[in-house]
1. Restricting to bridges with both residues inside the protein assembly as shown, how much of the DSSP beta-bridge set is antiparallel, in percent to the nearest 5?
2. To test your reading of the geometry: what angle, between 0 and 90 degrees and rounded to tens, separates the Cα axis of helix B:47-56 from the longest principal axis of chain B?
3. Would you compute, from DSSP H runs of 4+ residues alone, the mean residue ellipticity of the protein assembly as shown at 222 nm, taking -39500 (n - 2.57) per run and dividing by the full residue count, rounded to the nearest 500?
4. Nearest 10 degrees is fine. How inclined is helix B:149-158 to the longest principal axis of chain B, computing both from alpha carbons?
5. Return one number: the angle in degrees, 0 to 90 and rounded to the nearest 10, between the long axis of the Cα atoms of helix B:92-102 and the longest principal axis of the Cα atoms of chain B.
6. Using r as the Cβ-Cβ distance of residue A:119 and residue A:209, and R0 as 22 Å, what FRET efficiency do you calculate, to the nearest 0.05?
7. With a ≥ b ≥ c the root eigenvalues of the C-alpha gyration tensor of region B:106-199, is it rounded (a/c under 1.5), prolate (a/b larger than b/c) or oblate?
8. Sticking with the crude label model, points 7 Å out along Cα→Cβ, report the distance from residue A:172 to residue A:48 in nm, one decimal please.
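Every read-out reported here was derived from the displayed coordinates using simple, explicitly stated rules and does not represent laboratory data. Note that the structure is predicted; figures quoted are calculated from it, not measured. A quick note on method: Cβ atoms are made from the backbone with ideal geometry, for glycine too, and the neighbour counts reach across all protein chains shown.
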């Protein structure tokens, strides 16, 4: 809870909603007849409307990327370290849009929303979405806000996949792409972790095949387990070791199965918090979207061919201790971009924080990311708007 | 611009596809893109160099040349440039092979260890040379494979490579009668332009 807002914060922000009546045809064959997207904006759209930056969120992310909703907020938005006045995405130059993706559980239409056909909650009947569907819906939000072309589309992890999809699906609408801690497709190991998370949720007796809301239950245990598994993959062995080591909660072993090690306590806490704030069906849907993303598959496995339509410069960033989407996954992308003659720069940031590093402050990460965005601002001749 | 870069700048053909190994802050690639519509990438491992490249809009890839270029296809580039990096490589000979695999032609610039000032340092003072082109002390130098103008020419001949051009220069790469007559003695830096052996 800040007493005063930090000077490099975007300050107090209010989410907005946009409702769409035009049906959205989905990759899975179904159609959403209408839907709502919740989003936030930071900074000011300039008269030329060419300074907009789209933020794409990761698995458990949402529209609240920067600033505070109220002076009582304990923490700012999830990417506050990189969005704000003078930060890597400088809101004195850029107009930033951050939305909650379709299928989410933070206000945009998702499994917890009402299905207009049945007047019940969608629940598990909510269509499985793909990264391409998200990007399609994001483009419609851009239309609504009068943005023809983004100065940059930026995202980490699953967000980075959306950025890639933008460069291929709407090459003329994206001037620059920033792909952080991402991968052009999940590995078998990644899919395996997702499947364990899904099984944890689906085997919770409170899950009721996804109709938990109608049963008045919440599959908390499943969600908690899913999050605990996921969380391990977001951290590095080193960062966990540095944070917890083998520290015990009490000063002795109890020869039982209650929480003994600090790391157990931490994971349980993370899981508990998540299980009361996130929707199980959304979690299933988001992990499926991750699993399905594989643009090269449509081109016989040739990623360079898949990226052929892209026109914009890319910045690709990975983190040395990220074992979820390890640096070689980013290199795969970079090599394909080079093979396809695209403008690309790549930096591998030495951080001990594993996959989570993309969210955390880091001097070199900031220098690289901020340097790229300054070049974007210079090329577009963006003035300070505030 | 640094003198060796100026000379290389003149050698690069219009619109060439270039890979610059150890591109530093991207000065050469930026100039080549501006003046000669060159497209290409720099490889670099120095964080400050990488940031400088990104900020000036030069495509730079964080990659250690010592790890090889296995991610680059055969004949992917018209020209592969490497300035002031040869002497810091684990195996300069293997890197040279890799450069000529991925590019038709190479330009390589490096400090000439046989430069007379270096000889004086070693021969008279009996100490490892320290100069403008070799600014480090022996214990902290990244330069682990120092060679001479003549050495490198010999390596090219041993490999059956074609030397298209070879020059030496003082720090400013100005042509001088003495370095033309005795390049191995009077040249502070050496620059070679090499192509693959004719098959």
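1. 35
2. 50
3. Numbers: 18 runs with 191 residues, N = 585.
Dividing the helical sum by the residues of the protein assembly as shown leaves -10000 deg cm²/dmol.
4. Long axis of B:149-158 versus the principal axis of chain B: about 60 degrees.
5. The answer is roughly 30 degrees.
6. In this case the efficiency is close to 0.65.
7. Numbers: a/c = 2.17, a/b = 1.54, b/c = 1.41.
Since a/c reaches 1.5 and a/b is larger than b/c, the shape of region B:106-199 is classed as prolate.
8. The two pseudo-label positions are separated by 1.9 nm.
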